[in-house]
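Only one structure is covered here, and it is reproduced in the block below.
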Number of protein chains: 4
Amino acid sequence: MLKGVSNAGLGDVGTIEEFIVNASKYGFESVDTSGNELVHWVEEIGLEEAQAFLRKYNIQIGAIGLSVEWRREEEEFKTGLSSFIREAEVASALGCRLCATYILPSTDYPPAAFMARAVRRFRTCAVILNEYDMKFGLEFVGPHHLRTTWKYPFIWTMSETIDLIEAIGKSNVGLLIDAYHCYTTGLDFAELNQLDVKKIVHVHINDAKSIPVSEVLDHDRLYPGEGVINLVKLLKQLQSIGYQGSITQEVLTQIPEDQESEQLWVKTSNAYDALFKQIEC
Amino acid sequence: MLKGVSNAGLGDVGTIEEFIVNASKYGFESVDTSGNELVHWVEEIGLEEAQAFLRKYNIQIGAIGLSVEWRREEEEFKTGLSSFIREAEVASALGCRLCATYILPSTDYPPAAFMARAVRRFRTCAVILNEYDMKFGLEFVGPHHLRTTWKYPFIWTMSETIDLIEAIGKSNVGLLIDAYHCYTTGLDFAELNQLDVKKIVHVHINDAKSIPVSEVLDHDRLYPGEGVINLVKLLKQLQSIGYQGSITQEVLTQIPEDQESEQLWVKTSNAYDALFKQIEC
Amino acid sequence: MLKGVSNAGLGDVGTIEEFIVNASKYGFESVDTSGNELVHWVEEIGLEEAQAFLRKYNIQIGAIGLSVEWRREEEEFKTGLSSFIREAEVASALGCRLCATYILPSTDYPPAAFMARAVRRFRTCAVILNEYDMKFGLEFVGPHHLRTTWKYPFIWTMSETIDLIEAIGKSNVGLLIDAYHCYTTGLDFAELNQLDVKKIVHVHINDAKSIPVSEVLDHDRLYPGEGVINLVKLLKQLQSIGYQGSITQEVLTQIPEDQESEQLWVKTSNAYDALFKQIEC
Amino acid sequence: MLKGVSNAGLGDVGTIEEFIVNASKYGFESVDTSGNELVHWVEEIGLEEAQAFLRKYNIQIGAIGLSVEWRREEEEFKTGLSSFIREAEVASALGCRLCATYILPSTDYPPAAFMARAVRRFRTCAVILNEYDMKFGLEFVGPHHLRTTWKYPFIWTMSETIDLIEAIGKSNVGLLIDAYHCYTTGLDFAELNQLDVKKIVHVHINDAKSIPVSEVLDHDRLYPGEGVINLVKLLKQLQSIGYQGSITQEVLTQIPEDQESEQLWVKTSNAYDALFKQIEC
């Protein structure tokens, strides 16, 4: 399992190069970013330079986010495909093997028909990503307040997300498991045991406040080790089923203004060291 | 376009052979039945005899219903697949090129996840049917009362059904257009004009009482020509876009006890003659 | 059925606008061109202007060719996808509903593995085209000399092409029927009768010299009516099964230097008039 | 990794129950058999009894063979589907999660079109197996003499088999890696390192005589440890990429008449003990 970071929880991570340098400096092995950022980077310094930069700092691109707008009208979806394909091409050339998106637990569209459209759109994305040797990760989202933020309930459990993955029916689609969303949907990490490890393509970690689960807010997350989620159990579970990908921090939260980026890197780095020591990885 | 009948609206049609004999006698060209009935028939008299019987009376099997239980638990779905495949095999050998099912407009399952499962299950059915050179027809169901019969709204419009067909993503899946469901979902037949005719795999006709559309009941249908649906416009529309399949009567209704089957055949036959004369087919 | 032209057989057709103006002037209803040309056109004059131009001359874009290199190495295929998607986007916005490619009857790659890669690549193209409401046409190529031009025989019959289409398994993929290739593969037009018309997405016409079929050369075609192919029978057959798309001239041939483009337009126009008169279209 | 046996190399293994009892007695954890044998067994003693029997002896069904005839005419393929689905249903209920078939390296059909049909047929099998939570394994076959046994070369390398798997495009299809076929196709086990472990669904072991590779015969295999294949390297390689499935003996060979089944079990058991000791599994 690789130690990974995203910019969520690290304040302003600077340019992609600064992000990579710091990730390396603080002991991480992969960074998540946007495809758009990678495209700009490669257009600026060239593909070979970018590849060399990653090699020099021994950092992998863990995942890029899905840039196509799949949650709204047909027209917007279609319009986004050509830049998406460019991002996949560049990310793949940089060694990135994953693109991911999250599924909000409610929607303003009648949910059954929206699901049908989502299946088709996701399949198109999966087929394109497959040409670039990339997997496609779908993340279920647990916080209860988001289930009523839009008009109709959609899906939020791991089991429903597996139903969606089966409906898409392509071999490169899998689950993005986020500790916060497991916690807020009441998923016992032991359930991962029954899962074919091949279904898990990425993992996010973070922590939750000690308040009733139904009151836990999506953008009020804690750093690993600060809260009530048993991350040691999660990581041991993933290890035992043979997961070999990234364990990437994603702390969506309001960062106090007096926190310097460096402090956040140190904090994150320490949290990872403490956590990984307990699983003897 | 072929004149077709189902048993809905004809009372007790008797054995499959009696059904075929009468369909022929009263001027029809195709009959819809169940796959199970065809399997029993072929087991009884043999495939070649059954084929010869259909040839003798110049009747095609227009469609069989989908026997697999796709609306409930996984276990039931799986259990039904082996007899379904046997039905497809026999129906196909008898020249039947279509299997169809209807989609109820509400469900007791959370609708988004149910849609995901339906997509996967329908795709499995479509892939199997394709091996037997059969298409798979999906019928949207319009009556308003059915939208609240079960816990959650599902889908009921043609456009949503096309979304579902696209999510399934197989080439042999298409629409079953039913006049009653067009009427109760407010579909203007002119909209069929914008449809790729290849998407239409079967057509049901029937008629509706002159009451507010929202009060029209699914099991209270009239015979073609008795009600307010402009069937001439529907058939002309289908003709103009090149539809060449069956126009099959399906009148779900409470038949008065004093109605003999023969009277119903005569009534249906007359209705078809009147209707088809107007479209000069 | 629409009267269509491609540039093959018309010498230098000039700019896309000149091509459209002449097509209109000489009685045609659709033109085939390249996606790349459409992209340049739209970049030059804008989408709305281009749409208006087509409307003004009452011309449709019948088909664009597939620009992605699917016949060689993986790397080339991937590299071409992003411009292909841009072409599909523009062509679709201009009302074009078809992209097509031809399948050479021999290949330098071991044929079984090459077929497997072709299936995957074509499916990716089909899935992308489907998002832009476009079909994908595959044209089998008959001339005997091409069967040994490259190292291994590949496929060249309609029936093998249908096998390929079934292997791709997407609903928007169909056959491009070319009179010359039917003739050189010994296909009796009557066989089209058994074909689901939905499988035919485009038609090319042209004619063949009165020499032994095995000696007919791919780039030595005649204009419709000049040779031995029974085009009237072909068109009547297509009409009878309900084909409603374009009948597009594609005459791959060495055009004598003294032939002016205008003469070629006149010749083509006369040939179409003579032909369509015989089928009373 | 589980120690597994098939009947190939064990002479007459007796009934399925005797096979299971001996597998358990000699230290194995899984047995491969035919779906047909499982169906008969369950029809005889009932599903629950059969499940209990497997539990009692702590044996899993590692894989069943694909019974559908996919290598010949369409009609045969279709005819076999209904018993295949019954076998999948029963095997799955007994906990079996894999069905596998082998791909002969030559064929009497023109290879490109045969590949197209194979892709479609395999996809149908994969879709059916997926409903029963089973994977579908494809085994490439290496011995050189088989490349000319039938009229045309087909495919025989791992890389071509991956092309085929990608053409099928379903998530439950993977590779069956057989030591003998790796050896006879010159595959360096180190190449497995670059493989996504998720692509490997089953492993066969056996050994090869010390003769030129091109003379190695398919039905003249040795027992693990008796020949020149570096099985320790293979197993270490599989272990390092996280393979967790069965390592199943498949020794296709002429067994001398004086060899008792018990001797063969002892020999196999000893060979496995020696082998697994070296990888400290």
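The values are calculated or read from the model by the stated rules, or taken from the named source; none is laboratory data. In this text the structure is predicted, and so the values were computed from the model without any measurement. Here the Cβ positions follow ideal geometry from the backbone for every residue, glycine too, while neighbour counts run over all protein chains shown. In case anyone asks, the SASA skips ligands and DNA or RNA and just uses the protein heavy atoms, side chains included. Shrake-Rupley method; radii C 1.70, N 1.55, O 1.52, S 1.80 Å.
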The answer for D:Ile229, listing residues at least 5 apart or on another chain whose modeled amide H is closer than 5 Å to its amide H, is D:Ala208
Per-residue HN-Hα couplings for the range A:183-189 [Karplus 6.51, -1.76, 1.60; θ = phi - 60°; Hz; x = Gly/Pro]: 4, 6, 9, x, 7, 6, 4
For C:192-200, mean number of other protein chain Cβ atoms within 10 Å: 2
For B:221-227, mean number of other protein chain Cβ atoms within 10 Å: 0
Would you mind telling me the share, in percent, of accessible area of the range A:131-219 contributed by carbon and sulfur at probe 1.4 angstrom? 52 percent
Give me the dipole magnitude in Debye, nearest 20, for chain C about the Cα centre, with unit charges on the beta carbon: positive for Lys and Arg, negative for Asp and Glu. 920 debye
Under 5 Å, built H, 5+ apart or other chain: amide partners of C:Tyr102: C:Glu139
At what distance in angstrom do the alpha carbon centres of the range A:218-281 and the range D:203-281 lie from each other? 45 Å
I'd like the Karplus ³J(HN,Hα) series for the range D:107-114: coefficients 6.51, -1.76, 1.60, θ = phi - 60°, whole numbers in Hz, and an x wherever there's a Gly or Pro. 8, 8, 8, x, x, 5, 5, 5
Per-residue ³J(HN,Hα) for the range B:21-33, Karplus 6.51 cos²θ - 1.76 cosθ + 1.60, θ = phi - 60°, Hz, x for Gly and Pro: 4, 5, 4, 5, 4, 9, x, 9, 10, 8, 10, 9, 8
Highest GNM mean-square fluctuation among C:Thr253, C:Thr101, C:Thr149, for chain C with Cα springs under 10 Å, belongs to C:Thr149
List the pairs from A:Lys3/A:Lys78; B:Lys25/C:Lys199; D:Lys198/D:Lys277 whose alpha-carbon separation is above 31 Å, in the order I gave them. A:Lys3/A:Lys78; B:Lys25/C:Lys199
The range A:56-97-the range B:67-86 distance, computed between alpha-carbon centres (Å): 39 Å
Mind checking the dipole of the protein assembly as shown: about its Cα centre, +1 per Lys or Arg Cβ, -1 per Asp or Glu Cβ, Debye to the nearest 20? 20 debye
Which values, in whole Å and largest first, are the semi-axes of the equivalent ellipsoid of the protein assembly as shown obtained as the square root of 5 times each eigenvalue of the Cα gyration tensor? 48, 37, 36
Length-normalised contact order of chain D, Cα under 8 Å, at least 6 apart, in percent, tallies to 21 percent
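Once the Cα gyration tensor of the range A:2-279 is diagonalised, what are the square roots of 5 times its eigenvalues, in whole Å and ordered largest first, as equivalent ellipsoid semi-axes?
26, 25, 18
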Pairwise label distance in nanometres, C:Thr79 with D:Gln51, each label 7 Å out on the Cα-Cβ vector: 5.7 nm
Per the charge dipole of the range C:2-279 (beta-carbon charges, Lys/Arg positive, Asp/Glu negative, Cα centre), the residue among C:Cys125, C:Asn22, C:Tyr223 reaching farthest to the positive end is C:Cys125
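Return the average number of partner chain Cβ atoms within 10 angstrom of each residue Cβ along peptide A:152-164.
What the average comes to for A:152-164 is 4.
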Residue of A:Ala208, A:Ala116, A:Ala63 that the Gaussian network model of chain A assigns the largest fluctuation, springs spanning Cα pairs under 10 Å: A:Ala116
For A:Ser246, residues with placed amide H under 5 Å, excluding near neighbours: A:Leu2, A:Val203
Of the residues C:Gly62, C:Gly142, C:Gly14, which exhibits the maximal mean-square fluctuation in a Gaussian network model of chain C defined by a 10 Å Cα contact cut-off? C:Gly14
With -39,500 (n - 2.57) per DSSP H segment of 4 or more residues and division by the full residue count of chain C, the 222 nm estimate, nearest 500 deg cm²/dmol, is -13500 deg cm²/dmol
